[in-house]
Structures are given as C-alpha cells and as structure tokens.
C-alpha cells in the first residue's frame, strides 16, 4: 500500500533558484569591501533602496499572477496566447510589454508560468522587447532627445519587437 | 471569482516567488554593484568618435550597465553634447533597457539556455538595427 510519505517522496523536489549565486554575490561584496569599503556600502544601500522600491511591484505581480491563474484556464490562455492566438496574441504581447512596469526580471516568474501553459516563445520575446518603451520616462526622453527622435525610436522598437517574435516563431517551427 | 481557486493560485505564485527570492536578491545586489562601480565617466571614456565602433561600444556598455532608464538618458544627453554620434547614443540608450547582463543568470534559470541565448542575441542585433533605422530616418526627416 502506498503511504502518504511515499506520495510526498515521489513529488519532484522544487529547487531554490539562486542558491549558489547569492553566496557568490555576497562573497563578491565581502571581497570588494576590502578593496573599496565606501563604494561597496554605497552599492549595498543602492540595492536595498531598489528592493524597497520594487516591493510594491512584486506584490502587484504576485496578486496579478494569482488572479490570472484563477481566472484563466489553460484553454483560455492557449486561445489568447497559444499557437492559434493569431494577431490577438501579438497585440496582447506588444501592449502588455509597453504597459508592464518595473524591471524585466520582476516579470520573469509570471512569463515562465505562462510558458508552462503553452504560451508561445515568440510572444514572450515580443513582450520582453516591447518593454523597452518606458511610458513614465517618455517626457524625460523627449526633453533630452526631442519629439521626432522619441517617436521614431518607439516606432522602431515596436517593429523590432514584432520582427524578433516572428524570427523566434520561424526558428521554433523549423525545430519541430 | 472562485475564492478557493484564487487562494490556491495565490499560494502557488507566492511559493514560486519565494523559491526565486535568492536569485532575485542576487540580481538586485549585482545591479547595485554595477551601478556604483561602473560610473558614467568610465562609460563616456570608452567612446572614440567613430560611428560604427561607438555603436558597438554603446550597445555593450548599455548592456552591462544597471539602473533606472533616466540615467541612460542623462549619460546619452551628455555624450551627444560632447559630440558623440546619434548612432552610438541610441544604441547605448536602447541596450540599457533591452539587454541585461546582470539578469542573465535569472533568465537562464527560468527559461533555459536556448531561449536566453536566442532572445539576447536577437536583442543585441536589433539594438544596432534599430539605432541605424532611427538615425537614418531622423536624418531623412530633417
């Protein structure tokens, strides 16, 4: 008879991501502290400030991911962003990328989950590149480089995001 | 919305983040190091005035830099003032937000080597292509 322990043991053990990198980075900090203590402390403080700044965004992403998973069945996700999604999928990827806030790595977990539910790699690539359009920073970009430059760059970023997605689509198709 | 389904999904996403937390902290700590140790002066000193070479340097230096996008505008603006080509500055500003050396380990751990390599290689090539297209169009329009 299979016991509860057997069932638990048969589950694949989930690995902690970064279990080697984090000690290596901390060691790097310790070594750099010896070399330049002021700058290392400045780097640490800057990192702590980034963490505090990102905390609300992380919470939003966790809640969004929860809502998204609860509301969207695998079938729905496949219809919107899977192989049969068509133009709708591309539009969602571009606008999702433009509207998503914060650093890319905040969104990686959510994108990896979507990928497990058969969202196309091409749409993920498009989403990640479209994130180069930073809506909150656009006024500042205009003030530094002018309207024409900003509009042109945004236009080419969208085209570039779509073309990269299409290239990945071709590569994936070719492999299958 | 089905409340138990939401709680289950919420728990799953919290667990996912918890498992990735050491990697996220590593990336943020690395960004802090890059931000402080790679100074704007250091970046500016890499440019030579040759458009193609500077575009490549702009792409690489933007990719290894870390921080908010406005910092790249600030450095880019200063580089333009000091006579740097629009190609190099566009490549620098664009690679700052599309390439991320410090994020590579995290991207690799979640998406695998093939996806990470393909995406970053394409992003690198497209930084150069988009810079070229943007500046050429800008020159045509003016």
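The values are calculated or read from the model by the stated rules, or taken from the named source; none is laboratory data. Here the structure is a predicted model, which means the values were calculated and not measured. All Cβ positions, even for glycine, are placed from backbone atoms using ideal geometry, and neighbour counts span all protein chains on display.
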| Among (1) under 13 Å from the mean Cα position of the chain (by Cα); (2) free of Cβ contacts under 8 Å to residues at least 40 places away in the same chain - the single one residue B:77 does not satisfy | (1)
| task | Tell me, yes or no, whether region A:132-142 has at least one residue that is at the interface with chain B (Cβ under 9 Å from one of its Cβ atoms), within 30 Å of residue A:84 (Cα to Cα), surrounded by 14 or more Cβ atoms within 10 Å (Cβ to Cβ) and modelled with pLDDT of 90 or more. | result | yes
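A quick yes/no check of all residues on (1) over 19 Å from residue B:120 (Cβ atoms); (2) within 7 Å of chain A (Cβ to nearest Cβ):
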site: B:3; (1), (2): yes, no
site: B:8; (1), (2): yes, no
site: B:11; (1), (2): yes, no
site: B:18; (1), (2): yes, no
site: B:28; (1), (2): yes, yes
site: B:64; (1), (2): no, no
site: B:69; (1), (2): no, yes
